[in-house]
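Visitor: Here you go, one structure.
Please treat every number below as a calculation from the coordinates, not as lab data. Since the model is a prediction, treat every value here as computed from it, not as a measurement. All Cβ positions, even for glycine, are placed from backbone atoms using ideal geometry, and neighbour counts span all protein chains on display.
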Amino acid sequence: MGRDGNSVKETDFLIPGLLKDRCRLLCAAAIFVLVALSVSGKLLAQSYTLSGMMQMNTGETFPYKIVFTEENGNITGSSYTFAPPQQTKSAIKGTIDRYERKIKFRETEITESRGMPTKAFMCLVNATLIYDKSYNGATLSGPVSSRQTDKTACTPGTLLFNTADELQPLFQPKETFDTVITMKKKAPVQAPTGIKVAMPDNPTPIPETEKITAGKVNTYDWYTDTLILDIWDGGNTDGDRVTIECNGKTYLERHYLIKEKKRVKIVLNKEGINTLSILADNEGSDPPNTATMLLSDGDKKYSILAYNNMGQRAIIKIRKVK
């Protein structure tokens, strides 16, 4: 009997003990989850090294390397710009987006400098790089801007990383899910009855690509006073460099070709023949030197692939039409 005269059940003594045991279990489970999250967070951190080259707009090329740790899409580490035995080491911060296949990073401060000689006015680098994979290989490349801490502009350039063994582990998670295969047959899209579907009056035709090389001269009639030239590496980005001249004037010097198009505006002589020259400054790692170009005469466009061995020139004649 209890003090109040009521009978005492055995379970009245057991309930407090059960609650205490349950509390212990819940606390242990919570501690386990926190430890697991901590450990998994550490496992997400991965270290990488990318070795490549930096092409400055002065025509100089320097070996360039970044060593960084990535955790949850954020990267921190160091960059090395060097012309042995001199080198410059900088701290870097940035992000990686595997779905967009893009890396962005910037050099935050110079941590070591050994007086690397250069004609370029080099400052802290800010880079946006795109990963591209084709049957010829994989590349990570893009333009870099360069500014001092007081926002003074410095010499721009481009970066290229094309070592497959270094790039594959970095972007492998994306490649695993690249292709989605479906067996569902799509039904043809039909316009509703009684409604006309508008079609463009003059659809822009896709020009057929013409190939040019040393010893073969292509001539085009030109109706506008300006030639718009877009040039890029439409195949394997392997370090090709070209120099573009028109009527003896240099518009691009030892320009490093990447996937991103470089646009040049050339004002033509109003009469006679204008001579456009594409010089192969090297052959990259996959000869010959190849440059994909799109020449625009107003709405008229010409698609051209120039391929040459080092030192050779492809020539295009532009004949002004009155």
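Visitor: Share of antiparallel DSSP beta bridges in the stretch 210-320, in percent to the nearest 5?
Guide: Values: 37 of 46 bridges.
Around 80 percent antiparallel, to the nearest 5.
Visitor: Are any of the pairs LYS261/LYS320; LYS259/LYS317; LYS259/LYS301; LYS65/LYS265 more than 30 Å apart by Cα-Cα distance, and if so, which? List each step's numbers first, then the result.
Guide: On the way: LYS261/LYS320 26 Å; LYS259/LYS317 26 Å; LYS259/LYS301 20 Å; LYS65/LYS265 33 Å.
Beyond 30 Å: LYS65/LYS265.
Visitor: Another question about this same structure. Give, rounded to the nearest 20 debye, the magnitude of the charge dipole that the stretch 210-320 has about its Cα centre when Lys and Arg contribute +1 at Cβ and Asp and Glu contribute -1 at Cβ.
Guide: Numbers: 17 positive and 16 negative charges, 67 e Å.
With only Lys, Arg, Asp and Glu charged at Cβ, the dipole is about 320 debye.
Visitor: In addition: Within 10 Å, count the other beta carbons around each residue, average over each peptide in 266-275, 248-257, 70-79, and list them highest first. If you can, show how the numbers build up before the last one.
Guide: On the way: 266-275: 14.1, 248-257: 17.5, 70-79: 15.9.
Listed from highest to lowest mean packing, they are 248-257, 70-79, 266-275.
Visitor: Whole number please: convex hull volume per residue of the Cα set in the stretch 231-322, in Å³?
Guide: Values: hull volume 8.0 nm³, N = 92.
Taking the convex hull of the Cα positions in the stretch 231-322, it is 87 Å³ per residue.
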